[in-house]
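Worksheet: one structure, shown below.
The values are calculated or read from the model by the stated rules, or taken from the named source; none is laboratory data. Everything numeric in this text was worked out from a predicted model, so none of it was measured. Cβ placement follows ideal geometry from the backbone for every residue including glycine, while neighbour counts extend to all protein chains displayed. The protein model used for the area step is the full one, side chains on, heavy atoms only, and it has no ligands, DNA or RNA in it. Shrake-Rupley method; radii C 1.70, N 1.55, O 1.52, S 1.80 Å.
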Amino acid sequence: MAIDLSLSSEVQALVDRTRSFIRDHVVPLEDAHDGDITAAGGDTFRVGLQQAARDAGVFAPHAPIEYGGHGLGMSDRAPVFEEAGYSLFGPTALNIAAPDEGNVHMLAHIANPEQKQQYLAPLAHGEVRSAFAMTEPAPGAGSDPSALTTRAVRAEGGWRINGSKWFITGAEGAGFFIIMARTSGEPGARGGATMFLAPAGTPGIRVGRHLDTLDRSMVGGHCEVFFEDLLVPESAVLGEVDRGFEYAQVRLGPARMTHVMRWLGAARRGHDVAVAQVARREGFGAKLGDLGMVQKMVADNEIDIAATRALLTRACWELDRGESGGNATSIAKTFAAEAIFRIVDRSMQMCGGLGVSGDLPLARLSREVRPFRIYDGPSEVHRWAIAKRTVGAAKRALRDSE
């Protein structure tokens with residue numbers, strides 16, 4: 001089987017432009033604001049960043065060409081997104097930050113022509129932001145989406161939605177919401193969910209408090225959102241009724257991989273900072289980088305970076321082939337979330353006191369990448385799913401052999 005990992009000349013040129021744009025324009029802005037996008041100016045700051053990305057020819061690499069993007073598949077996105085992630089503000093600049101990037105991907109695959117015109121086009125162009133409203137407070141949907149409690153019932157002229165959500169990224173200031181609500185069955189049932197589209201100004205949508213989380217780099221924060229007798233028309237249904245959980249997989253598998261791409265870029269920056277530090281810092285009669293224990297940390301970082309890329313490559317290959325990629329994306333996400341944190345943590349250790357100070361970006365990188373072991377499915381849930389598939393396959397093989 002021939003394996004070709006080379007990039008086309010067009011994609012390589014986009015990678016190179018993205019690298020230059022991020023390091024020359026975006027990294028200094030991140031450093032000036034300690035990676036806190038709200039302190040930098042929130043949406044006003046985002047608009048300026050995205051215009052700079054358009055001017056540099058690197059905006060919206062993932063969006064369909066007909067909506068102003070570069071139309072890259074998953075495999076070609078990986079090196080571009082990694083370069084964007086080298087700065088915590090980079091994904092926002094390129095319009096590939098969560099949740100908008102995943103919502104663009106899902107709308108491109110599921111929305112009808114009218115919905116694409118109303119929602120996908122302005123989102124892809126950066127004219128608005130969006131929010132994906134699925135996660136709920138306990139005992140509602142979290143790591144187990146089948147626990148979904150938000151309910152949508154048929155009403156005159158459409159559907160009436162009631163429920164509460166939280167940890168809804170980008171909710172403050174979003175232009176529209178994609179709402180996951182139960183349209184049949186009871187909490188715990190594996191089916192019966194439907195996705196609805198609603199402009200943010202629709203009566204019945206209320207954004208509550210911002211949850212105080214470790215990370216600070218996402219515009220609009222992570223918020224509570226309440227749907228109180230929200231009435232939406234039949235045309236608000238995204239896809240088909242009762243197929244919401246199925247459609248969620250269209251978004252979640254690729255979104256997990258784009259998270260890996262972006263945060264791998266952040267981890268690489270941390271590694272680069274640490275390697276530069278130990279290459280010049282002297283102690284115990286030698287450069288720190290010449291000492292065995294430091295060399296082990298450098299080597300382990302290189303191994304984690306290479307292994308993360310390899311697992312990501314496999315998962316993206318499956319997704320580009322139209323496969324579900326369920327097992328490959330779970331494996332890649334779980335390994336990457338833990339490896340990325342290890343890379344940043346070792347980098348802090350190599351830099352000693354400076355590593356935990358504001359003089360280097362490592363402390364804020366650690367702050368940003370730690371939640372990835374929870375976001376998009378905790379490592380424990382992915383391990384359970386991987387094991388369940390593996391044991392299930394073994395049981396089927398035993399039955400077939402009898």
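Let me confirm something: among Arg209, Arg243, which residue is farther than 28 Å from His62 by Cα, free of Cβ contacts under 8 Å to residues at least 60 places away in the same chain and either touching a strand residue (DSSP E or B) at 6+ places or on another chain (Cβ under 6 Å) or of a type outside the set (Val, Ile, Thr) (or both)?
Details: Arg243 fails: farther than 28 Å from His62 by Cα.
Being farther than 28 Å from His62 by Cα, free of Cβ contacts under 8 Å to residues at least 60 places away in the same chain and either touching a strand residue (DSSP E or B) at 6+ places or on another chain (Cβ under 6 Å) or of a type outside the set (Val, Ile, Thr) (or both) holds for just one of Arg209, Arg243, which is Arg209.
Taking the range 171-201 only, how many residues are crowded, with 18+ Cβ neighbours inside 10 Å, in a loop (DSSP other than H, G, I, E, B) and either in contact with a Ser or Thr (Cβ under 7 Å, 6 or more places away or on another chain) or of a type in the set (Asp, Glu) (or both)?
4
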message: One residue is enough: does the range 186-194 have a residue meeting the conditions closer than 30 Å to Arg321 by Cβ, among the basic types (Lys, Arg) and in contact with a helix residue (DSSP H, G or I) (Cβ under 8 Å, 6 or more places away or on another chain)?
response: yes
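Of the residues that sit in the range 21-43 and are part of a loop (DSSP other than H, G, I, E, B) and without any contact (Cβ under 8 Å) to a residue 60 or more places away in the chain, which one is nearest to His210 (Cα to Cα)? Talk me through it step by step, then tell me what you get.
Of the range 21-43, the ones part of a loop (DSSP other than H, G, I, E, B) are 33-36, 41.
Then drop every residue that is not without any contact (Cβ under 8 Å) to a residue 60 or more places away in the chain, which leaves 33, 41.
Values: His33: 20, Gly41: 16 Å.
Checking each candidate, the answer is Gly41.
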- line: Val219 fails exactly one of (1) outside any loop (DSSP other than H, G, I, E, B); (2) in contact (Cβ under 8 Å) with a residue 24 or more places away in the chain; (3) out of contact with any Cys (no Cβ under 8 Å at 6 or more places or on another chain), namely (1)
field: Residues of the range 148-157 satisfying the condition of being more than 22 Å from the chain's Cα centre (by Cα) and within 24 Å of His210 (Cβ to Cβ)
entry: Thr149, Thr150
message: Please pick out the residue among His222, His259, His210 that is within 23 Å of the chain's Cα centre (by Cα), under 27 Å from Thr38 (Cβ atoms) and open to solvent by 30 Å² or more (accessible area, probe 1.4 Å).
response: His210
statement: For the range 92-105, pairs from a residue that is farther than 16 Å from Tyr247 by Cα and of a type in the set (Ser, Thr, Tyr) to a residue that is in a helix (DSSP H, G or I) and open to solvent by 10 Å² or more (accessible area, probe 1.4 Å), with Cβ under 7 Å and 6 or more apart or across chains, are Thr92/Arg46
field: In the range 55-74, residue least open to solvent (accessible area, probe 1.4 Å) [restricted to those that are more than 23 Å from Met257 (Cβ to Cβ) and free of Cβ contacts under 8 Å to residues at least 12 places away in the same chain]
entry: Asp55
Whichever residue in the range 102-155 is part of a strand (DSSP E or B) and of a type in the set (Gly, Ala, Ser) and, among such residues, is surrounded by the most Cβ atoms within 10 Å (Cβ to Cβ): Ala133
Test for Ile168: is it at pLDDT 95 or above, assigned to a strand (DSSP E or B), more than 14 Å from Leu230 (Cα to Cα) and among the aliphatic types (A, V, I, L, M): yes
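Can you give me the number of residues within the range 313-333 that are open to solvent by 10 Å² or more (accessible area, probe 1.4 Å) and of a type outside the set (Asp, Glu)? Lay out the reasoning, then the answer.
Filtering the range 313-333 for residues open to solvent by 10 Å² or more (accessible area, probe 1.4 Å) gives 313-314, 317-324, 326-328, 331.
If we keep only those that are of a type outside the set (Asp, Glu) as well, we get 313-314, 317, 319, 321-322, 324, 326-328, 331.
The qualifying residues number 11.
Mind checking which residues of the range 75-101 are in a helix (DSSP H, G or I), over 17 Å from Val27 (Cα atoms) and open to solvent by 10 Å² or more (accessible area, probe 1.4 Å)? Before the answer, list the steps.
Within the range 75-101, the subset in a helix (DSSP H, G or I) is 75-84, 90-94, 100-101.
Subset that is over 17 Å from Val27 (Cα atoms): 75-79, 100-101.
The answer is Ser75, Asp76, Arg77, Ala78, Pro79, Asp100.
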